[in-house]
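So the structure is just underneath, and the comments pick up after that.
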Amino acid sequence: MGVEVVASVLWLGAVLLVVVGVVGLYVSRQRTLSQRVASFACQLNSGEQVSRMWQPGVAQFTRDRLLWWRTLSFSPRPARAWSRSVLVLEGREPVGQEDEEGRPLLLVHCRHGAEAFQLMMSEPAYAGLVSWLESGPRRPGPLV
């Protein structure tokens, strides 16, 4: 074997090792996020217009915040966090679609202070979100 062949094989092996490592990190992150207690699949639409681009992700209830991680990211930190005491659900509507488990999806209109956004989630996830908000400290304003 020539030196060039050995160098090519080593280079190809290094590239393959990096690709396998990146895929492994991504799969591990997704598995960790989706298996956390009180986590659910949820798409985010920033802004008041529903026509904007939806970002797939995973949301999780904590004691005082709703955290949201992008699906296509390697970040260990959530991309968004909303305080339980400020988060208001302004409305919900059926989307006419189902998730991968056959559960109906809902479009949930939310407000966090001056920020308006929408979340798309399954009906059971919505029920959990409403329960989580209702079980928090009392605050003014209606829950939808």
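The values are calculated or read from the model by the stated rules, or taken from the named source; none is laboratory data. A quick note: this is a predicted structure, and the numbers were derived from the prediction, not measured. Backbone-built Cβ (ideal geometry, glycine too); neighbour counts: all protein chains shown.
Quick check on residue 71: is it under 30 Å from residue 23 (Cα atoms) and either free of Cβ contacts under 8 Å to residues at least 40 places away in the same chain or of a type in the set (Gly, Ala, Ser) (or both)?
Working: under 30 Å from residue 23 (Cα atoms): yes; either free of Cβ contacts under 8 Å to residues at least 40 places away in the same chain or of a type in the set (Gly, Ala, Ser) (or both): no.
No: the conditions fail for residue 71.
Given the residues 68, 11, which is the only one that is of a type in the set (Phe, Trp, Tyr) and modelled with pLDDT of 90 or more? Talk me through it step by step, then tell me what you get.
Working: 11 fails: modelled with pLDDT of 90 or more.
Checking each option against the conditions leaves just 68.
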